[in-house]
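Report on one structure; see the data block that follows.
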Amino acid sequence: MHAAIVMGSDSDLPTMKKAFDILDEFGVSYDVALASAHRTPKKLEEFVAAEEAKGVTCYIAGAGMAAALPGVVASLTMKPVIGVPLSGAKLDGMDALLSIVQMPSGMPVATVAIDGAKNGALLAVQIGAASDAALAEKYKAYREDMARQIYEKDEKLQKELGR
């Protein structure tokens, strides 16, 4: 599986690095670009074209404020696009969230939580796992490990409470 991550500004990088970590954990190859839907549309178009030539499985697009980036990426590809609304100074990400989830009919963009780059990458892994049995096994083990951790934490809590 190969994914592409794009964000409009380097100020988005601290949040979007959480997606890098997940894709690295699952052994998913990916490329990253800074490309603004508004300021560098040609660069964005070139990035998407290059990723298409590489056989990209899906895109993760982090965007704040007007959050046009995921929608523009969706207009340039037939592959799934996952929008990550990023918190900003004024509306704390609600503007980006509403922009991304209000895509017009026929142009879907999956949307995760505000600053949800980790879940964006996990959704990308799930998309890839639909046709990659080895990736599906890794994802299954990841989910089982999450469940195990909750059981362990609950057991510790119960001991601390004397129950």
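For the chain, what does the accessible surface come to per residue with a 1.4 Å probe? Please give it in Å².
Spelled out: the 1.4 Å probe surface of the chain, per residue, equals 56 Å².
If Rh is defined by the Kirkwood formula over all Cα pairs and Rg also comes from Cα, what ratio Rg/Rh do you get for segment 1-79?
In segment 1-79, Rg relative to Rh is 0.94.
Pop out the carbon and sulfur fraction of the accessible area of the chain as a percent, whole number, probe 1.4 Å.
Accessible surface attributable to carbon and sulfur in the chain totals 56 percent.
Cross-link candidates for LYS90: which aspartates and glutamates have Cα within less than 12 Å, leaving aside residues fewer than 8 places away along the same chain?
Straight-distance partners of LYS90: none at all.
Using the alpha-carbon atoms, what tilt in degrees (0 to 90, nearest 10) does helix 13-25 show relative to the longest principal axis of the chain?
So the helix axis and the longest Cα principal axis differ by about 60 degrees.
Residue by residue through segment 32-39, what is 3J(HN,Hα) from phi via Karplus (6.51 cos²θ - 1.76 cosθ + 1.60, θ = phi - 60°)? Round to whole Hz and write x for glycine and proline.
Along segment 32-39, the couplings run 10, 9, 9, 7, 8, 4, 9, 8 Hz.
Using a 10 angstrom cutoff on alpha carbons, build the Gaussian network for the chain and name the most mobile of ALA113, ALA61, ALA53.
The residue that fluctuates most here is ALA53.
Amide H of ILE5 versus every other amide H placed in the peptide plane: which residues, excluding those fewer than 5 positions away on the same chain, fall under 5 Å?
Close amide H contacts, sequence-distant or interchain: ASP31, VAL32, ALA33, ILE60.
Quick one: plug the Kirkwood hydrodynamic radius of the chain (C-alpha pairs) into Stokes-Einstein at 20 °C, 1.002 mPa s, and report D in µm²/s.
Values: Rh = 16.5 Å.
Value of D from the Cα-based Kirkwood radius: 130 µm²/s.
Between GLU152, GLU25, GLU45, where does the largest GNM mean-square fluctuation fall for the chain, given springs only between Cα atoms within less than 10 Å?
So, out of GLU152, GLU25, GLU45, the one fluctuating most is GLU152.
Report the residue, chosen from SER131, SER105, SER29, that carries the largest GNM mean-square fluctuation when the chain is represented by alpha-carbon nodes joined by springs under 10 Å.
Greatest mean-square fluctuation among the candidates belongs to SER105.
Under a 5 Å amide H to amide H cut-off, with H placed in plane at 1.01 Å, what residues pair with ALA63 once short-range neighbours are removed?
Long-range HN contacts for ALA63: VAL84, LEU86.
The values are calculated or read from the model by the stated rules, or taken from the named source; none is laboratory data. Since we're looking at a predicted model, the values are computed, not measured. The area values use the complete protein model at the heavy-atom level, side chains included, leaving out ligands, DNA and RNA. Shrake-Rupley method; radii C 1.70, N 1.55, O 1.52, S 1.80 Å.
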